[in-house]
1. Ignoring everything except DSSP H segments at least 4 long, calculate the 222 nm mean residue ellipticity for the chain; use -39,500 (n - 2.57) per segment, divide by total residues, nearest 500.
2. Taking 4 °C and 1.567 mPa s as the conditions, I'd like the Stokes-Einstein D for the range 1-103 in µm²/s, using the Kirkwood hydrodynamic radius from alpha carbon pairs.
3. Between Arg68 and Leu27, what's the calculated FRET efficiency when r is the beta-carbon distance and R0 is 25 Å? Round to 0.05.
4. For the range 1-93, which trypsin sites (Lys or Arg not before Pro) pass both filters: DSSP loop (anything but H, G, I, E, B) and at most 12 other C-beta atoms within 10 Å?
5. With a sphere of radius 12 Å drawn around the Cβ of Asp36, what net charge do the other residues whose Cβ falls strictly inside it have (Lys, Arg +1; Asp, Glu -1)?
6. Between the helical axis of 47-60 and the dominant principal axis of the chain, each derived from Cα atoms, what acute angle in degrees is found, rounded to the nearest 10?
7. How big is the dipole moment of the chain about its Cα centre under a simple scheme where the beta carbon of each Lys and Arg is +1, that of each Asp and Glu is -1, and everything else is neutral? Debye, nearest 20, please.
Amino acid sequence: MQQPGQPSINPAGKPKGPHLTTILRRLIQQEIDVTDPISKTQGKKPIGEALNLKLLANALKGDQKALRMVFEYIDGKPEQPITLPGGKEHLELLRDIIKKAAKVGKSNDSNAAK
């Protein structure tokens, strides 16, 4: 944390201009000539659609990473069970901590709105 009176840690500040995500979202809307890797038809498609078609084509070929990505985007990542040592006591303690953290968060939100 920066101390008062100290020189700025980031003297140039936040870079000017759009964020990378904004630029990418704009770019993937541009249409390009592409051969659909699934239907083998040619035509213009937005870059984002072409990328999704390539991902699906790779999944259909058996690419395990592509398959995992497709299913995770469609269904979400599978839930992972959490096993806590100590049984119910630790679970109750964890629930209490989460409830208290939620109350603190709500309290901070209401103070920020003032």
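1. Here the helix-only value at 222 nm equals -17000 deg cm²/dmol.
2. Result for D is 67 µm²/s.
3. Numbers: r = 25 Å, r/R0 = 1.02.
Calculated transfer efficiency: 0.45.
4. Qualifying residues, ordered by number: Lys16, Lys40, Lys61.
5. With Lys, Arg at +1 and Asp, Glu at -1, the neighbours total +2.
6. The helix 47-60 is inclined about 80 degrees to the chain.
7. Working: 19 positive and 12 negative charges, 75 e Å.
My answer is approximately 360 debye.
Since every read-out is calculated from the coordinates, none of them should be taken as a lab result. Everything numeric in this text was worked out from a predicted model, so none of it was measured. FYI the Cβ positions are ideal-geometry reconstructions off the backbone, even for glycines, and counts take in every protein chain you see.
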